[in-house]
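The values are calculated or read from the model by the stated rules, or taken from the named source; none is laboratory data. All values reported here derive from a predicted model rather than from experimental measurement. Because the Cβ atoms are built from the backbone with ideal geometry, glycine has one as well, and the counts that use them run over all protein chains shown. These accessible areas exclude ligands, DNA and RNA; they are computed on the full protein's heavy atoms, side chains included. Shrake-Rupley method; radii C 1.70, N 1.55, O 1.52, S 1.80 Å.
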Amino acid sequence: MSTVTGVSAADQTPGPDRRRPLQSDTASTGRIGDRLFGGAATVSGILVIVLVTLIAIFLIVQAVPALMDNSANFFTSRVWAPGGEQPAFGILEFLWTTVTASTIAMVLSVPVGVAVALFLTQYAPSWMRRPAAGLVDLLAAVPSIVYGLWGLIAFAPVFKPVQSFIEDKLGWFPLFAPTGISGGTICFIGVVLAIMVLPIVTALSREVFDQTPTAHKEGALALGATQWEMIRTAVLPFGRPGVISASMLALGRALGETIAVTFLVSALADGNPWSWSLFNGGETFASKIANNASEFSNPNKTGAYIAAGLVLFVLTFVVNSIARVVIERRKAFTE
Amino acid sequence: MAKRIDVTDLNVYYGSFKAVEGVSMTVEPRSVTAFIGPSGCGKSTFLRTLNRMHEVIPGGRVEGKVMLDDQDLYASSMDPVTVRRTVGMVFQRPNPFPTMSIYDNVAAGLRLNGVKNKKTLDGIVEQSLKGANLWTEVKDRLSKPGAGLSGGQQQRLCIARAIAVQPQVLLMDEPCSALDPISTLAIEDLVNELKNDFTIVIVTHNMQQAARVSDRTAFFNLKATGEPGRLVEIDDTTRIFNNPTEQATEDYISGRFG
């Protein structure tokens, strides 16, 4: 993660030729192997940056003309009629659905994932640890269509009574107001997404928790910490950056998850009234684009969808940046 | 505050492997007892049984009796957590909590004990850092990470952390082996001061160190390769180094082996 090892003051001290020693390529001996590997690594690094930039440029170039023609407010409108003489489209509904479903997924999966990871690394008997870890890694690799199928056929009937129960008891609260939709509600999508990303959170958190130095754990135990107190003083702080990274990866997958969501969502009819309810239907960015991929008939219409894709792109970018800031802020304390 | 340790006929096992056999000794309160002996002779293993830290290693268990004054450390009603709050430990490599500041490192044990009052914490942190001869060096940067200190300062921070919870006994497992001579000297001076308040047991590979800091010295050795370690003899340090009873001790301290 962000742990830097093998750093010493000598790394910063300029040599006689006033060059800093051991900085990137200057540590190279100039031999063919060094040059080849250094070159390959540099090219790969640049390539990634170029690719991301190109994708961003592509999205912007394609989206701008459509946005210029848009007669509705792109951010606050709930209309989606991108074709025709007077195109009008806004992303409010997709933004709401995407963000709330992903938030639900995170709220459910991160605590549970961290708890499972702690169980596997700190509590589980040693004969169980390896097989269970392998199983979790395997789950993380299950294709999302499988989760979609499972959600539709096996999980939806189970979730229905739960939803009715909550609507019954807490329906007075706007977030839980009944809407008459019972299939692919935002809440249901969120729960399926949570189950889907849970193995990701678990697998990565388990990896970092497992690497907590014995010295730190023993330090806590020798102070008279109980198992849980030891976890709180040594394991969790050590694993924190890793857990944040894991959550970001999971969130990235939840935000952009397409096939399972497309499978499950209840699309809303045009002109339906706005509702804050989590038991409302609604499309996410990804499912909207996927559902309408066959309609990309003219550049302006396509541009509208690409504009929506651009928002999703920026959204993931912002979320990841925030996570980086959170990790960097305490970097001095993580070495 | 300091208590006497009485060990009777102690065997230590890791799984089915017998690591240490038949140790009996008494450690006087407010004294420094040094454990010396060749690598792998079980002195660190035995040290860890004095605060039940050996139980952290899978399969670790003991037979025999360890009494702290009139408390049986291995009584079935005795919680290892309680034992470790009474018998503190400092490790071979300095291990301050990397995510915590200097202040929080010292306060860690107190917070585990439920001390929340800021004034109380401030007082004990200052007193513990002074007790570890570190206060003047860090008093202006208490909120900086503990891992940013030098090795010797980190080790003194760990000692401050250990004494902050007011243990009866302080166990030190080769506390200077990762430190330079100057830092080592600082720790040795500190041990000399700490023995006014604590019972101290120190494992060391450095015989001069044992001679410098300890009142009593215990020599551990293996019977033979593959056999469990055992206590050869324990006596006043001056006697061990000048006129030991056992030939094996004589051989070891005069450098004939080990």
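May I ask for the percentage of alpha-carbon pairs in the stretch B:112-203 that lie more than 20 Å from each other? Intermediate values should be presented prior to the final figure.
Details: 1432 of 4186 pairs.
Roughly 34 percent, rounded to a whole number.
For chain A, what does the alpha-carbon gyration tensor say about shape, rounded, prolate or oblate, given a ≥ b ≥ c as the root eigenvalues, a/c under 1.5 as rounded, and a/b over b/c as prolate?
The shape class here is oblate.
Quick check: net charge around A:ASN272, other residues with Cβ under 10 Å of its Cβ, Lys/Arg +1 and Asp/Glu -1? Let's see the in-between values first.
Values: positive: A:ARG78; negative: A:GLU93, A:ASP270.
Summing Lys/Arg as +1 and Asp/Glu as -1 gives -1.
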For chain A the mean separation of alpha carbon contacts under 8 Å (6+ apart) over residue count, i.e. relative contact order in percent, is 25
With the label point 7 Å along the Cα-to-beta-carbon line of A:GLN227 and a cut-off under 16 Å to each amide N, the hits in the stretch B:57-76 are B:57-60
Sorted on mean Cβ neighbours within 10 Å (highest first), peptides B:232-238, A:316-322, A:194-200 come out as A:194-200, B:232-238, A:316-322
Magnitude of the Cβ-charge dipole (Lys and Arg +1, Asp and Glu -1) of the protein assembly as shown about the Cα centre, nearest 20 debye, reported as 520
Of A:PHE173, A:PHE209, A:PHE188, the most mobile residue in a GNM of chain A (C-alpha springs, cutoff 10 Å) is A:PHE173
Counting every C-alpha pair in the stretch B:154-254, the percent lying more than 21 Å apart is 40
Once the mean of 1/r over all distinct C-alpha pairs in the stretch A:136-181 is inverted, the Kirkwood radius in Å reads 12.5
Between the modelled labels at A:TYR123 and B:ASP251 (7 Å from Cα along Cα→Cβ) the distance in nm is 5.2
Of all lysine pairs in the stretch B:26-159 that are eight or more residues apart or on different chains, those with Cα atoms under 27 Å apart total 12
The distance between the Cα centres of the stretch A:139-191 and the stretch A:51-88, in whole Å, is 31
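Evaluate the Kirkwood expression for the hydrodynamic radius of chain B, namely the inverse of the mean inverse distance over all pairs of different C-alpha atoms, and round to one decimal in Å. If you can, show how the numbers build up before the last one.
Working: mean 1/r = 0.0534 Å⁻¹.
Radius from the Kirkwood sum: 18.7 Å.
How much FRET efficiency would the formula 1/(1 + (r/R0)^6) give for A:SER164 and B:THR120, where r is the Cβ-Cβ distance and R0 is 51 Å, rounded to 0.05? Please report the intermediate quantities before stating the final value.
On the way: r = 53 Å, r/R0 = 1.04.
Efficiency computed from Cβ-Cβ geometry: 0.45.
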Looking at the stretch A:192-222, residues buried by 20 Å² or more relative to their chain on its own, accessible surface at probe 1.4 Å, turn out to be A:ALA215, A:HIS216, A:GLU218, A:GLY219, A:LEU221, A:ALA222
Magnitude of the Cβ-charge dipole (Lys and Arg +1, Asp and Glu -1) of the stretch B:15-79 about the Cα centre, nearest 20 debye, reported as 280
In degrees, nearest 10, the alpha-carbon axis of helix B:102-112 is tilted away from the dominant principal axis of the alpha carbons of chain B by 70
dims of the protein assembly as shown, Cα set, principal axes, largest to smallest, nearest Å -> 107, 69, 50
Sorting B:PHE91, B:SER254, B:THR238 by the position of each Cα along the dipole of chain B (Lys, Arg +1; Asp, Glu -1; all at Cβ), the one nearest the positive end of that ordering is B:PHE91
Rounded to 0.05, the calculated FRET efficiency for the beta carbons of A:ASN291 and B:GLN208 at R₀ = 51 Å is 0.05
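So, R0 is 51 Å and r is the distance between the beta-carbons of A:VAL314 and B:TYR14; what FRET efficiency does that work out to, to 0.05?
Values: r = 56 Å, r/R0 = 1.10.
In this case the efficiency is close to 0.35.
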Once the dipole of chain A is set up from charges on Cβ (+1 Lys and Arg, -1 Asp and Glu), the residue from the list A:THR179, A:ALA246, A:THR214 lying farthest towards its positive end is A:THR214
Quick calc, the stretch B:145-253, dipole around Cα centre from Cβ unit charges on Lys, Arg (+) and Asp, Glu (-), nearest 20 debye, gives 300
For the stretch A:197-213, Karplus-derived ³J(HN,Hα) couplings (6.51, -1.76, 1.60; θ = phi - 60°; whole Hz; x for glycine and proline) come out as 8, 3, x, 5, 4, 5, 4, 6, 5, 4, 4, 6, 4, 5, 8, 4, x
Taking Cα atoms only, helix A:92-118 is inclined relative to the longest principal axis of chain A by an angle, in degrees rounded to 10, of 40
Cα extents of the stretch A:69-198 per principal axis, largest first, Å, are 67, 37, 26
Out of A:SER275, A:ALA290, A:VAL325 - ranked by how far each Cα lies towards the positive end of the dipole of the stretch A:224-335, with unit charges on the beta-carbon of charged residues - the top one is A:VAL325
